[in-house]
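Before any comments, here is the structure.
The values are calculated or read from the model by the stated rules, or taken from the named source; none is laboratory data. These numbers come from a predicted model, not from an experiment. A quick note on method: Cβ atoms are made from the backbone with ideal geometry, for glycine too, and the neighbour counts reach across all protein chains shown. With ligands, DNA and RNA removed, areas are computed over all heavy atoms of the protein, side chains included. Shrake-Rupley method; radii C 1.70, N 1.55, O 1.52, S 1.80 Å.
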Amino acid sequence: MVKKSVDLIISGVGGQGVILLSTMIGRAAINEGLDVKIAETHGLAQRGGSVVSHVRIGRNIFSPLIPIGQADAVIGLEPLEAARYVSFIQPGSGVIIFNIKRVLPLPVRLGTESYPSIESLITILRKYSSCIYPIDADQIAEKVGNIRTSNIVMLGALAASLRLPFSIESLKAVVMRDAPKGTENANLLAFTLGVRVMKHLIAGRSL
Amino acid sequence: MGMEVGLLTVDTPGQRVLMMGNVAIARGALEAGVQVATSYPGTPSSEIIGSLCQVARQAGIYVEWSTNEMVAFEVAFAASLAGVRSIVACKHLGMNWIADPFLVSAYTGVNGGLIIVVADDPHPYSSQNAEDTRYYAKLAKVPCLEPSDVQEAKDVMALAFELSETLQLPVMVRITPRIAHTRGIVVLGSISRLRRKANFEKDSTRYVMISSNARNRHAWLNKQYARAAELAETFQLNRLKLAPGATVGVIGCGLSYGYVREALHLLGAENQVSILKLATVNPLPTQLVCKLLSSVTTVLIVEEIDPVIETDIRSLAQGLGLNLEIRGRLTNDLPRELELTPDIVTAALARIFGASYDSNAASNYVISEINNLVTRRTPFLCAGCPHRASYYAIKQALKKVNRGGIVTGDRGCYNQGIHPPLKAIDTCICMGASIAMACGFSKVGIEEPIVAVIGDSTFFHAGIPALINAVYNHAKVTVVILDNGWTAMTGHQPNPATGITAMGDPTKMLKPEELAMACGVDHVKVVDPYNVKATIDSIVEAINHPEPSVVVCRHICTLQELRTMKLMGIKPAPYSVNLDECTSCKLCLFQLGCPAMAAENGKVKIDTYTCVGCGVCAQVCPVEAIRRGS
């Protein structure tokens with residue numbers, strides 16, 4: 001069977017920008033004349049729930065949902081949320097990128113449950129794939145001077161991590177166009193730093 | 001949704017755009033010349049009217065958020081009787097409210113096309129059940145159409161309006177979240193500028209549905225329904241593709257067709273199966289279906305939620321004496337619960353081919369390892385949410401009265417009060433049930449205080465008749481109206497408490513306390529739940545009142561308050577815990593469970609980015625160790 005699409009799972013916590021990132025990728029793809037389907041979970045997104053979006057880009061997409069084991073990458077804007085959807089990636093070759101900044105679920109904040117260590121998460125994720133890239137996107141966003149650009153750091157990292165059916169430049173153009181007025185430069189810088197950090201990670205393969 | 005709303009009114013036919021399904025439906029309605037659109041918000045349908053209301057003036061149409069779905073339907077129905085095209089959008093539970101007038105509208109018939117777009121929630125993401133609303137189409141004997149993707153979600157609207165006017169019947173368009181909340185490519189058509197002049201031609205034999213008229217119209221409806229089945233045979237979104245020599249057939253209803261195509265691709269079986277893509281799910285195009293059934297020995301029926309078509313097709317095959325194997329949910333080839341996925345459909349098809357499909361067998365053990373490690377992330381009330389303060393006050397008031405207590409809940413953000421540590425509500429069934437169920441509990445000899453909690457929007461929707469019932473029948477209940485001024489749960493639509501309409505016009509702001517008094521409640525108090533002591537005292541007083549009592553806990557939704565503050569350039573002033581004075585009792589955390597707080601090194605830490613400065617925790621702290629500032 002020939003794979004006919006690029007499939008991405010983007011996950012996070014309500015308010016982190018999962019839907020924004022998905023839509024930016026979709027807009028870059030439509031500029032290339034490709035077919036796009038993005039299945040989103042809304043529902044309780046605003047109230048701190050888990051949010052996931054299936055992004056499919058290709059010539060002719062049938063199902064809005066990605067079959068299990070087919071995704072080229074899981075991009076987690078939060079570590080737990082990356083792990084939650086990892087069964088979607090292609091075992092072995094799928095790329096797992098996540099922001100190491102934790103958002104604690106309520107039971108963890110109450111002290112009734114614990115949050116797994118990043119190391120233990122990585123140990124398990126490694127059984128799925130060797131391409132695991134934890135990124136301190138919040139720290140990079142702080143350097144940019146706008147903590148809210150951490151999701152764009154992740155978008156940059158994604159763009160540099162695998163072969164998307166459009167250029168990094170065309171995604172960058174969408175980021176510039178869609179960024180809230182006055183934050184274009186911060187977002188552009190965040191994107192560029194995201195690309196850079198991923199290139200370093202791939203070159204070093206430190207994990 | 002933001003930028004997509006701009007695409008609703010651009011008149012650039014042929015342009016390819018990325019659009020959410022709900023917005024595509026709105027666009028389809030505009031292209032078809034809709035003039036009236038009504039709804040009560042409900043996930044996953046809210047963006048249909050939510051996007052239309054933003055362009056209503058520009059498009060020259062009328063859009064409203066109605067007080068409930070039944071009212072929404074009746075407003076649109078009247079518009080249709082006056083000859084203009086109208087749509088109603090709702091979620092499946094809203095369809096339950098619409099049912100009463102809807103079933104009679106099939107008897108009166110309609111004039112201008114009338115479409116009910118209903119969004120079902122198969123594996124409930126944001127609903128209290130999963131119900132298949134296609135049963136309503138069968139019950140009412142009206143056509144029901146299912147688009148298979150976002151493009152068709154737009155295209156089906158014009159076809160549905162035409163069908164509605166040809167048959168003079170309302171038409172249902174059924175979607176699920178995978179249409180509603182999927183973004184896909186849409187090729188735009190041209191927008192209709194045609195505006196019909198409303199004109200109601202009186203005809204008491206149709207519009208005054210007394211029983212003698214109903215008897216005549218019953219026969220008329222059956223005739224129209226038969227005609228609907230004929231029209232379904234050539235409906236342009238149905239497609240039958242017979243594969244030469246194929247013994248296996250598949251019927252994919254609406255969105256399920258995409259899963260079928262995906263499954264056949266995964267199995268490499270694209271040319272071995274005959275496929276019927278079905279958009280007219282009620283009534284069925286029986287000849288078209290028979291063409292497929294008589295060409296194969298096994299058929300798999302793929303549809304979302306219940307085996308509605310499957311049951312019909314079994315009956316059809318039996319009537320025709322066709323001897324073939326019919327598989328689907330009734331044969332457990334597809335599960336009776338869960339939302340369909342490409343994996344589920346692929347596994348079912350593989351089984352029919354005598355193969356097996358387990359997409360991830362090798363890594364199943366890793367999945368279970370991960371599931372053990374990954375804690376659930378339940379949604380919760382936002383930092384500073386006034387409902388949290390109200391729930392705290394209710395619990396403290398019940399403690400003070402010291403006679404136990406039952407708290408009946410209702411539908412809205414505040415049903416997040418079920419989660420620990422609040423665990424504040426004992427029931428939550430449907431819109432308005434809090435007050436009516438409180439009446440029931442009070443009438444069966446339960447000695448405990450009975451408190452009903454209901455939001456402002458839900459109170460207007462369905463709470464008022466129940467409150468009148470409490471007064472009329474001397475039900476000793478306390479109703480706490482959580483008035484945050486917005487229909488917050490579904491994305492902050494305005495309601496009668498907000499003071500603005502869907503189209504942005506200022507309007508009379510209704511106050512729940514005035515309505516409660518008008519319902520005959522003598523004891524009505526209004527408090528700001530951020531004032532913890534006053535709120536507890538008011539609720540205690542209300543519980544001790546011998547007749548029905550109402551406490552309105554009024555504070556604007558925090559998210560809206562923050563938006564207003566941002567516009568005015570005001571920053572929230574967060575609180576912090578003075579670690580020298582903190583006795584580590586963690587009462588603040590365990591009583592409130594605010595997302596700005598977490599246990600850290602045995603004490604409680606407040607995250608200054610998340611804290612909005614409501615100050616409720618400072619009032620809960622027994623040693624006054626929480627103060628504004630760092």
> Which percent of Cα-Cα pairs in segment A:48-95 sits in each 5 Å bin, short to long?
Replying inline: 5, 20, 29, 24, 14, 6, 1
>> Restricting to bridges with both residues inside the protein assembly as shown, how much of the DSSP beta-bridge set is antiparallel, in percent to the nearest 5?
In response: 35
> Rule-of-thumb check for segment B:146-287: C-alpha Rg over 2.2 N^0.38 Å?
Replying inline: 1.32
> What are the semi-axes of the equivalent ellipsoid for segment B:90-226, taken as the square roots of 5 times the Cα gyration tensor eigenvalues, largest first, in whole Å?
Replying inline: 28, 20, 12
> Taking Rh as the Kirkwood radius computed over C-alpha pairs, what is the Stokes-Einstein D of segment B:474-630 at 37 °C in a medium of viscosity 0.692 mPa s, expressed in µm² per second?
Replying inline: 184
> So, with a 1.4 angstrom probe, what is the percent of accessible area on segment A:1-70 that is carbon and sulfur?
Replying inline: 53
>> Using only Cα atoms and rounding to the nearest 10 degrees, what angle (0 to 90) does helix B:256-267 make with the longest principal axis of chain B?
In response: 70
> What accessible area per residue comes out for segment A:29-112, rounded to a whole number of Å², with a 1.4 Å probe?
Replying inline: 25
> So how do B:63-74, B:247-258 stack up, highest first, on mean other-Cβ count within 10 Å?
Replying inline: B:247-258, B:63-74
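Seen from all sides and averaged, what is the projected area of the convex hull of the Cα atoms in segment A:43-135, in nm²?
7.0
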> Could you give the angle, 0 to 90 degrees to the nearest 10, between helix B:150-167's Cα long axis and the longest principal axis of the Cα atoms of chain B?
Replying inline: 70
> In peptide B:248-261, how many Cβ atoms from other protein chains are near each Cβ within 10 Å, on average?
Replying inline: 2
> Considering the dipole of segment B:477-576 built from charges on the beta carbon (Lys and Arg +1, Asp and Glu -1) around the Cα centre, which of B:Met503, B:Met568, B:Pro548 is farthest to its positive end?
Replying inline: B:Met568
>> Over all directions, the average projected area of the alpha-carbon convex hull for segment B:137-208 comes to how many nm²?
In response: 6.9
> Which semi-axes, in whole Å and largest first, does the equivalent ellipsoid of segment B:3-142 have when worked out from the alpha carbon gyration tensor as the square roots of 5 times its eigenvalues?
Replying inline: 24, 19, 13
> Can you give the accessible area of A:Glu32 in Å² (nearest 10), computed on protein heavy atoms with a 1.4 Å probe?
Replying inline: 90
> Once Rh for segment B:513-569 is found with the Kirkwood sum over Cα pairs, what is the Stokes-Einstein diffusion coefficient at 20 °C and 1.002 mPa s, in µm²/s?
Replying inline: 167
> What aspartates and glutamates sit close enough to B:Lys400 to cross-link, taking a C-alpha to C-alpha distance under 18 Å and skipping anything fewer than 8 places away on the same chain?
Replying inline: B:Glu447, B:Glu448, B:Asp537, B:Glu541
> Under a Cβ-Cβ cut-off of 15 Å, what is the net charge of the residues other than B:Ser434 that fall near it, where Lys and Arg count +1 and Asp and Glu count -1?
Replying inline: -3
> Which length gain, in nm to one decimal place, applies between B:Asn601 and B:Glu624 when the Cα-Cα distance is subtracted from 0.36 nm times their residue separation?
Replying inline: 6.3 nm
> Can you pull out the trypsin sites (Lys or Arg not before Pro) in segment B:159-217 that DSSP calls coil and that have at most 10 other Cβ atoms within 10 Å?
Replying inline: B:Arg193, B:Lys197, B:Lys202
>> Give me the mean projected area, in nm² to one decimal, of the convex hull enclosing the Cα positions of segment B:24-71.
In response: 3.2
>> Could you compute the net charge surrounding A:Ile68? Neighbours are other residues with a C-beta less than 15 Å from the C-beta of A:Ile68; K and R count +1, D and E count -1.
In response: -3
> Here are some pairs, B:Lys423/B:Lys586; B:Lys508/B:Lys566; A:Lys4/B:Lys241; A:Lys3/B:Lys277; B:Lys154/B:Lys291; which of them have Cα atoms lying more than 19 Å apart in this structure?
Replying inline: B:Lys508/B:Lys566; A:Lys4/B:Lys241; A:Lys3/B:Lys277; B:Lys154/B:Lys291
> On average, how many beta carbons from a partner chain sit within 10 Å of the beta carbon of a residue in B:146-155?
Replying inline: 1
> How large is the accessible surface per residue of segment B:336-437, computed with a 1.4 Å probe and reported in Å² as a whole number?
Replying inline: 40
>> With every protein chain left in place and a probe of 1.4 Å, what is the accessible surface of B:Val407, to the nearest 10 Å²?
In response: 10
> Which value in nm describes the separation of the simple spin-label points at B:Asn402 and B:Glu230, placed 7 Å from the Cα toward the beta carbon?
Replying inline: 7.8
> Between B:Met565 and B:Cys585, 0.36 nm times their residue separation minus their Cα-Cα distance comes to what?
Replying inline: 3.9 nm
> Calculated FRET efficiency, B:Trp220 and B:Gln318, Cβ-Cβ r, R0 30 Å, to nearest 0.05?
Replying inline: 0.55
>> Which order do you get for B:Lys603, B:Lys223 if you rank them by accessible area with a 1.4 Å probe, largest at the top?
In response: B:Lys223, B:Lys603
> So what is log10(I(q)/I(0)) for segment B:475-536 at q = 0.14, 0.17, 0.27 1/Å, when the Debye sum runs over its Cα atoms only?
Replying inline: -0.52, -0.74, -1.16
> For the protein assembly as shown, what is the Kirkwood estimate of the hydrodynamic radius, computed as the reciprocal of the mean inverse distance between distinct Cα atoms, to one decimal in Å?
Replying inline: 28.5
> Which length gain, in nm to one decimal place, applies between A:Arg59 and A:Ser114 when the Cα-Cα distance is subtracted from 0.36 nm times their residue separation?
Replying inline: 15.4 nm
> FRET efficiency for B:Asn372 and B:Asn469, Cβ-Cβ distance as r, R0 = 45 Å, nearest 0.05?
Replying inline: 0.40
> To the nearest 500 deg cm²/dmol, what mean residue ellipticity at 222 nm is calculated for the protein assembly as shown from DSSP H runs of n ≥ 4 alone, each contributing -39,500 (n - 2.57), summed and divided by the residues?
Replying inline: -11500 deg cm²/dmol
> Counting only Cα, what are the radius of gyration and maximum Cα-Cα distance Dmax of chain A, in Å?
Replying inline: 16.1, 50
> B:Ser584: accessible area at probe 1.4 Å, nearest 10 Å²?
Replying inline: 50
> For B:Met517 and B:Asn578, what is the calculated FRET efficiency with R₀ set at 41 Å and r taken between the beta-carbons, to the nearest 0.05?
Replying inline: 0.40
> What does the average come to when, for each residue of peptide A:75-83, you count the partner chain Cβ atoms lying within 10 Å of its Cβ?
Replying inline: 2
>> Give me the one-decimal Kirkwood hydrodynamic radius in Å for chain B, with the sum taken over alpha-carbon pairs.
In response: 26.9
> At a 1.4 Å probe radius, carbon and sulfur cover how many percent of the accessible area of chain B?
Replying inline: 55
>> Give me the net charge for the shell around B:Arg217: Cβ to Cβ below 12 angstrom, other residues only, Lys and Arg +1, Asp and Glu -1.
In response: +3
>> On C-alpha positions alone, give me the angle between the axis of helix B:69-81 and the longest principal axis of chain B, in degrees, nearest 10.
In response: 40
>> On the principal axes of its Cα set, how long, how wide and how thick is segment B:263-334? Give whole Å, largest value first.
In response: 34, 27, 23
> Are there GluC sites (Glu not before Pro) in segment B:532-625 that DSSP puts in a loop and that have at most 16 other Cβ atoms within 10 Å, and which ones?
Replying inline: B:Glu581, B:Glu624
